[in-house]
Amino acid sequence: MTTTEASEARAERSVPKPVFTDAEAGAREFPDSTLRHYNYYKPQKRKQSHYEDVTVDVQPDPRHYLSQGWLYGFADGRGGYPLDWTALKAWGSDEPSPQRGPGSGGLFVKEWPATGWHEFRDPNEEWELTFYRNNSNMVRQVTQNIDSARQAKAFEQWNPNWVRFVESHVGAWMHVDHGLGLYLYANANRRAPTNMHNNAISVNSMHRIRAAQDLALYNLTLTEEIDGFDGTAHLETWNSDPAWQGVHELAERLTGIDDWAEAIFAANIVFEPLVGELFRSQLVQQAAPRNGDFVTPTVIGAAEFDFAERDLRYTTAMFELLTADKEFAGHNKAILQGWLADWTQQAIAAARALQPLWSQPDAKPPRFEDGLDRVKSRFSGVLASLGLEEPKELAQ
């Protein structure tokens, strides 16, 4: 018998054969098996957006679907994202937690509680892709503007007095951006109750940190390009200049707010319109071109765009839900009016302390009082959109 014949005569090997039980993934068909979109949430508009698909309810929450309760907790026994991390409330906030069943099961309670938090949608539709795309475009634009100015020797056209102004006062604003971005917004992001809030606030945090970085890198460039430019002058200004101590103190107080909603409200509804826009738009961007500087407005303008066109949009959308809540609108408005009175008084005091800066450039910007009136008018418009009354402290 040949070798081939011996192999053919050998008994067939016993090999396990696949057995289909219809238990494997995708074997069963359900009414929504062929759908190409999620159906566990109600879209804000008629059609679901990509932003909603990757953001809404991505963070597990027993208020919706996590029937066994939070998977983690804090030392005091609370789990996840307690609703009492802010004094503001949404419909159902006062309802008791659902009763939990044995083991990992739970007794699901429909519409429990505080669905007002889960209704928030960021009008900017920010998530990872949009964040990287928008910020890379912004950084690229700022970098190209500075590089073009360097090649064109544009910094040689600056008035000597304006050089001193930029090194001291424009540089000082990086401390505001860095402090608020790292210690106010990043902290509020962790305490906010839903993934939709977390995304919007964390992007806001990175806007401020990036703006501080833009100013820091710009400061280094000017140190290299302008003879005698003191790249450390902003430190002395921030720490000791009397005109800046109101802003310095207010920024530190803002970073100490424990209530996450108050932190966002005080920063984006009060501080930024009354102090941030006053400094960036009514001083720096007005005075710079008159003193031969067409570069600094592009750096400052990037931060101003982020706030005015993006951060303020999500903030008003977030608080509009709470001031129109079907159960707690009155409660929320009373809380917000109290915050307004407190933080507006401090913001106006800090803004007025900055007034001496308007007289320092050789070519003066428009009057301080005119600039303050403009930001007060915008501030009033923001409050009107939220159904809030102007605080009497605004008249100071």
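Here is how the numbers come out for the structure above:
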| quantity | calculated |
| --- | --- |
| Segments 300-308, 267-275, 43-51 sorted - mean Cβ within 10 Å per residue, highest first | 267-275, 300-308, 43-51 |
| Farthest positive-ward along the chain dipole, Cα basis, beta-carbon charges - from 211, 131, 292 | 131 |
| For residue 79, distant residues with modelled amide H under 5 Å away | 74 |
| Net length gained if the chain between residue 190 and residue 216 were fully extended (0.36 nm per residue, minus Cα distance) | 6.7 nm |
| Principal-axis tilt of helix 312-323 within the chain, Cα atoms, nearest 10 degrees | 70 |
| Cα centroid separation, segment 263-284 to segment 293-369 (Å) | 3 |
| Sites residue 156 and residue 135, calculated FRET efficiency, Cβ-Cβ separation with R0 35 Å, nearest 0.05 | 0.70 |
| In degrees, nearest ten, helix 195-225 long axis to first principal axis of the chain (Cα) | 50 |
| Expected 222 nm ellipticity per residue - DSSP helices of 4 or more, -39500 (n - 2.57), all of the chain, to 500 | -14500 deg cm²/dmol |
| The chain - accessible surface per residue (Å², probe 1.4 Å) | 50 |
| Acute angle (nearest 10 degrees) that the helix 329-353 long axis makes with the longest principal axis of the chain, alpha-carbon atoms | 40 |
| Gaussian network model of the chain, springs between alpha carbon atoms under 10 Å - residue of 227, 147, 53 with greatest fluctuation | 227 |
| Length-normalised contact order of segment 229-349 in % [C-alpha pairs under 8 Å, at least 6 apart] | 31 |
| Rounded percent of accessible protein surface that carbon and sulfur make up, the chain, 1.4 Å probe | 52 |
| Listed residues 355, 157, 345, most fluctuating in the chain (Gaussian network, C-alpha, under 10 Å) | 157 |
| Highest-MSF residue in the chain out of 334, 27, 350 [GNM, Cα springs under 10 Å] | 27 |
| Cβ charges +1 (Lys, Arg) and -1 (Asp, Glu), total dipole of the chain, debye | 640 |
| Pairwise label distance in nanometres, residue 223 with residue 377, each label 7 Å out on the Cα-Cβ vector | 4.1 |
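The values are calculated or read from the model by the stated rules, or taken from the named source; none is laboratory data. No experiment lies behind these values; they were computed from the predicted model shown. Backbone-built Cβ (ideal geometry, glycine too); neighbour counts: all protein chains shown. All accessible areas refer to the heavy atoms of the entire protein, side chains included, with ligands and DNA or RNA removed. Shrake-Rupley method; radii C 1.70, N 1.55, O 1.52, S 1.80 Å.
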